[in-house]
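The values are calculated or read from the model by the stated rules, or taken from the named source; none is laboratory data. Being a predicted model, the structure only gives us computed values, none of them experimental. All Cβ positions, glycine included, derive from the backbone under ideal geometry; neighbour counts span all protein chains shown. Ligands, DNA and RNA are stripped out before the accessible areas are found, and what is left, the full protein with its side chains, is counted by its heavy atoms. Shrake-Rupley method; radii C 1.70, N 1.55, O 1.52, S 1.80 Å.
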Amino acid sequence: MKCTYACNTMDHTLSRRRFLGGLAASAAGAGALGGGFSSFLSPAAGAELASKQRQVLVVWLAGGASQLETWDPKPKTDTGGPFRSIETSVPGVRISELLPKTAMQMHRLALLRSINTNENDHGKGAYLMQTGRPQAAGMAYPQLGSVMSKWLGDEANPLPGYIYITPGGGGKGQSEAAFLGPKYNPLYLGNGSAPANTAQDPAISALGASGRQALRMHLNDRFAKRRRTAETEAYTTTYEQAQKLMTRRDVFDVTKEPAKDLDRYGSHDFGRHCLLARRLLQGGATFVQVTHSNYDTHNENFDFHLEQVGEFDQSFATLIDDLAASGMLQHTLVVVMSEFGRTPQINYLYGRDHWGTAWSVCMGGAGITPGNVVGKTNDRGTEVVDKQVGGGHLFHTYMRAVGLDPTESFEADGRAIQLAEPAATAIKELLV
């Protein structure tokens with residue numbers, strides 16, 4: 001499908017297939033992953049891992065997915081559109097008929113239907129949802145992935161703490177970690193390819209490579225004694241991490257999964273990306289983010305959501321089922337979010353526009369009460385009528401769910417900064 005977007009932003013001017021083109025499978029785990037999911041992690045192993053770490057998976061529905069075609073349908077109203085609502089595995093909880101497989105996983109998930117960020121700009125909305133704070137001149141805050149990487153990550157793990165699987169050719173490469181430092185910026189896996197320069201040079205023997213590394217470390221130690229900075233430390237850490245990855249390069253090859261798993265997740269890019277995310281989490285990655293795009297549906301909203309949500313439903317439901325079966329879901333926080341929702345009002349192009357006033361997020365896993373629905377919008381979905389919250393409340397909630405205290409402070413540039421927005425608190429109704 002080809003789409004002409006009304007907002008005309010650079011992020012949303014590509015056709016669906018071109019924008020999603022290519023992130024062919026890839027991902028992390030360990031050499032043992034070659035045997036497939038069932039042979040890699042048993043429920044007992046997952047339970048043991050749960051006692052040792054917390055992990056986070058974010059599915060980012062880029063462009064702003066419609067809450068009315070996903071988590072908060074309003075059928076038979078003037079704002080509801082053509083789709084029905086369906087029963088889920090939680091009695092009394094209904095979601096859009098476009099999500100039949102996810103509906104069967106609802107007993108493992110929770111819904112928040114009362115978000116009001118009051119932000120309708122793509123960039124500002126994404127910043128707010130990723131950092132828990134509005135953009136402010138002269139101050140940049142770290143993204144959720146960078147925060148989780150710093151406080152939950154394992155220094156001995158060769159996998160970077162923040163891994164972002166993107167459609168197309170990669171990510172922004174900016175300072176998503178802000179004052180936490182470049183060490184906590186994401187590793188972008190654009191087009192599903194392994195990180196650059198991690199392949200062993202066949203012309204160099206193992207002994208030769210070991211000698212080169214010993215010389216590099218000797219010279220680096222001499223350099224660091226006189227010129228050590230945060231930037232050189234980040235470079236050294238990244239280099240050493242890349243070197244470790246060279247011994248596990250095959251973990252980025254999702255084709256090592258059984259054909260039946262590739263089929264279960266779906267033959268489209270997003271299906272392979274979700275399978276890649278599972279492998280990364282199995283390999284011990286702290287924070288993994290996956291993007292599913294093309295939700296900025298100012299025209300033909302219903303046609304595009306029919307296709308997009310159908311892809312999401314198969315892959316996401318399969319991923320949740322696999323994480324639950326392995327025991328990993330109990331220590332992995334899962335969040336499905338966008339930069340905002342879509343307007344209840346349907347425009348003359350049969351589209352929905354940007355809407356930060358009353359929309360929804362789906363969560364599950366570590367620290368979240370399963371089968372729970374918090375908050376409510378009115379019968380037409382035009383405003384929140386119960387338990388209104390914003391981006392700051394969500395950031396507090398994510399941190400509490402994985403055992404972090406969002407009210408703690410740390411020093412940055414001589415200032416004490418609280419981990420999460422001081423004016424907000426966690427949404428206690430969502431937490432176990």
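Maximal additional length on extending the LEU349-LYS260 stretch stands at 28.0 nm, based on 0.36 nm per residue less the C-alpha distance.
Cross-linked pairs LYS260/LYS376; LYS101/LYS183; LYS74/LYS260; LYS74/LYS124; LYS76/LYS387; LYS76/LYS260: Cα-Cα separations exceed 31 Å for LYS260/LYS376; LYS101/LYS183; LYS74/LYS260; LYS76/LYS260.
Assuming a ≥ b ≥ c are the square roots of the Cα gyration tensor eigenvalues, decide whether the range 98-163 counts as rounded (a/c under 1.5), prolate (otherwise, with a/b larger than b/c) or oblate. Cα axes put the range 98-163 in the oblate bin. Remark on TYR188: its backbone amide H falls under 5 Å from those of TYR164, a criterion applied only to residues 5 or more positions apart or on other chains, H modelled at 1.01 Å from N. The order of TRP71, TRP151, TRP355 by accessible area, most exposed first and with a 1.4 Å probe, is TRP151, TRP355, TRP71. Stretching ILE417 away from GLU307 to a fully extended chain increases their span by 35.3 nm, per 0.36 nm per residue minus the current alpha-carbon distance.
Once both labels are positioned 7 Å from their Cα atoms along Cα-to-Cβ, the gap between ASP405 and GLU97 label points is 5.1 nm. The residues of the range 278-345 expose, per residue, 16 Å² of accessible area to a 1.4 Å probe. Note on VAL309: accessible area approximately 0 square angstrom, rounded to 10, probe 1.4 Å, nucleic acids and ligands left out.
Would you please name the chymotrypsin sites (Phe, Trp or Tyr not before Pro) within the range 371-432 that are DSSP coil residues with at most 16 other C-beta atoms within 10 Å of their C-beta?
Within the range 371-432, no chymotrypsin sites (Phe, Trp or Tyr not before Pro) qualify (loop, at most 16 other Cβ atoms within 10 Å).
Protection proxy ranking of 324-337, 77-90, by the mean of other Cβ atoms within 10 Å over each peptide's residues and highest first, is 324-337, 77-90.
Note on the range 75-196: antiparallel DSSP beta bridges, both residues inside, total approximately 50 percent of the bridges counted. Available extension along the chain between GLU383 and ASP121 is 92.5 nm, counting 0.36 nm per residue and deducting the alpha carbon span. Accessible surface calculations at 1.4 Å, restricted to protein heavy atoms, place the range 349-419 at 41 Å² per residue. Rounded to the nearest Hz, the phi-derived 3J(HN,Hα) couplings of the range 325-336 under the Karplus curve 6.51 cos²θ - 1.76 cosθ + 1.60 (θ = phi - 60°) are 4, 7, x, 6, 4, 5, 10, 10, 6, 10, 9, 10, where x marks glycine and proline.
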